[in-house]
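Written below as structure tokens is the structure these notes are about.
None of the figures in this text is laboratory data; all of them are computed from the coordinates on show. Since the model is a prediction, treat every value here as computed from it, not as a measurement. Here Cβ is always computed from backbone atoms with ideal geometry, including for glycine, and neighbour counts include all displayed protein chains.
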Amino acid sequence: MKTWLEQVADIEREDILMFINSCFTCTGQKEFYSDAEGQKVSLNFLHDYILGNYRLLYARTLAAGINHFNIGQIIIKLLATGKDTLPEHKEEEGQLIARALQNLPTQRAWKVLAQLQTLRINNRRSRAIVRDYLQQRKELSFDAVKYRLKLKSIAVHNHLSLEGELGTFLFTPQQPKRYQNELFENFRQAHFTAEAIYKLPFTIAEGLAAKKGIPRAEFLTRIEPQMTRGEKLRYLQTAERVSTRTKQVKLDVDWQRLSLTRLALYILSLSIEDRKAEFALLQKALVTSAQRTCKKTGLKLGKVAAILDCSYSASGSVEKRRRPLGIALAAHYLLEKCASEYRSFWTIPVSEPLLVQARGQTDLATPLLDALEWKADLVIIISDGYENDPPEGAAEVLRIYRTKLDRSRQTSIIHCNPVFAPDTFSPYILSPYIPTLGIREAEDLPTLINFARFADGDVSLKELEDYLALRVQQMLTTSEFTVHYDAK
């Protein structure tokens, strides 16, 4: 019988685990089974609850490998409530905020800073964080052109003094007859000549080209050298919805530099005919990306079975098209390279994973039985957990297996869920007999496999706190700089 203090510690551990788990998955966007508004309300409540009760662990979650959306939310809420930080934790919290902001993708970092203005967060620490973020930007002039309005309003809100041509460009752009900064000068000339448009960042040039009536196909062909990998990929994924003339534009994407999950999502956006036509090229790209990811993470596994959900709900939502299926496909290739022995078991058998489609009901029980019969050391289930063929079939299999056949837990079983369920404040749990972890990308698997022992309930709150403290230390010592802020 556990003491009262032990029971309280268990509740605290479960609270923190639930929060971290949700931060791996939820992005406040519409899912197959839930709308965006419900997710935002649920997640915002969860953030406020953890912040109010476990502030130190809330801040340390920034180092736990969670997704960018929740990193941004944590930064904002910590900056808004800096006066509540205990004196002994002020420096660590400030360092975590600054480092997490620096590590965010540029567009997300600027969005976070813009939200500080919208929410009227303007204290000494928030101004210091913003000031130092701008100072460490290596290409601030590029940011000034691409995020001109955001940077201007952020500078005003935080009382920042922007000297030289940067300040002139933002606040009195028409004053100079000519800029010394090449990018500023190209932007100025682009208002008068079409040629200068093609020297600008794609997102800026796109609007100017439309104003000048430049044909879309011509613009895309000439602006390609200025496009980033992400911009090229987004264009290719949406090409099916644009005009025939635009579809004929071919962009050169460096497949070798795409992340594994993004590559899988792009491939799934292609028709089956296109995938068959480019099968060898796409297969090589996925294998190469999986090998690179496996080498980077250092993940080495034994005999692994993957149960992969390709039912219709894996098609995702309008905002997250095919994301659950994309994670399953990417995980298949990653686990294949990281395991000494590997077999995949799809809910609907597929001859070639590269040609997989989201269709049919969710039968997790049949592939789970096949995987257990194969006697894998580790079974990873990637599914939203809503099984309906039969309902709760896999849950019953797991109950019998854990309570009757494998009481000593010789086989590790992990459920990785790519979908957040707002009604439970966490990813939907397939079975109480195995840990359920939220997953945003296949690249999260190494972190989740290590994190599974915490979710399985076999460790104490102290061990979880030590784990997060270690992640904080790694985060703060492996980046380029260290900063010191208080929370006044």
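Measure up Lys111/Lys212; Lys284/Lys337; Lys295/Lys375; Lys300/Lys337; Lys295/Lys337; Lys375/Lys404 against 19 Å on the Cα-Cα distance and list the ones that go over. Pairs exceeding the cut-off: Lys111/Lys212; Lys295/Lys375. Helix 36-53 and the long axis of the chain differ in direction by around 80°, with both axes built from C-alpha atoms. Relative to the longest principal axis of the Cα atoms of the chain, the long axis of helix 124-136 makes an angle of roughly 80 degrees.
Placing dummy labels 7 Å off each Cα toward the beta-carbon, the span from Val41 to Thr203 is 3.1 nm. Placing pseudo-labels 7 Å out from each Cα toward the beta carbon at Asp132 and Arg407 gives an inter-label distance of 5.5 nm.
The C-alpha atoms of the stretch 300-457 occupy a region whose extents along the principal axes are 43, 36, 29 Å, arranged from largest to smallest. Cβ crowding within 10 Å, taken as a proxy for footprinting-reagent exposure, orders His415, His89, His68 from fewest neighbours to most as His89, His68, His415.
Rounded to the nearest 5, the antiparallel percentage of DSSP beta bridges internal to the chain is 15%.
On a full-extension model of 0.36 nm per residue, what is the gain between Gln473 and Ser153, subtracting their alpha-carbon distance, rounded to one decimal in nm?
Gain on stretching Gln473 to Ser153: 111.8 nm.
For the pair the stretch 149-183 and the stretch 417-441, the centres of their Cα atoms are 46 angstrom apart. Where does helix 4-25 land angle-wise versus the long Cα axis of the chain, in degrees 0 to 90, nearest 10? Result, in degrees: 50. 3J(HN,Hα) couplings calculated from phi for the stretch 437-450 with the Karplus curve 6.51 cos²θ - 1.76 cosθ + 1.60 (θ = phi - 60°) are, in sequence order, 10, x, 9, 9, 9, 4, 5, 6, 3, x, 5, 5, 4, 5 Hz; Gly and Pro show x.
Taking the DSSP beta bridges with both ends in the stretch 300-457, the antiparallel portion is around 15 percent. Each semi-axis of the equivalent ellipsoid for the chain is √(5λ) with λ an eigenvalue of the Cα gyration tensor; in descending order they amount to 41, 32, 18 Å.
Remark: spin-label model distance Asp48-Phe279 equals 5.5 nm, labels positioned 7 Å along the Cα→Cβ axis.
Counting 0.36 nm for each residue step from Arg453 to Glu182 and taking away their Cα separation leaves a gain of 92.2 nm. Given the DSSP H assignment, sum -39500 (n - 2.57) over each helix run of at least 4 residues in the chain and divide by its residue total; what's the result at 222 nm in deg cm²/dmol, nearest 500? When only DSSP H runs of four or more count, the value is -16500 deg cm²/dmol. Over all other residues within a Cβ to Cβ distance under 12 Å of Gln357, the charged ones net out to +2, with Lys and Arg as +1 and Asp and Glu as -1.
The stretch 274-372 gives an Rg/Rh value of 0.97, both radii derived from C-alpha positions and Rh following Kirkwood.
Take the Cα of Gln175, step 7 Å along the line toward its Cβ, and report every residue of the stretch 121-155 whose backbone nitrogen sits under 17 Å from that point. The answer is 152-153, 155, whose backbone nitrogens lie closer than 17 Å to the label point.
With neighbours defined as other Cβ atoms within 10 Å of a residue's Cβ, the residues Glu443, Glu273 order from fewest to most as Glu273, Glu443.
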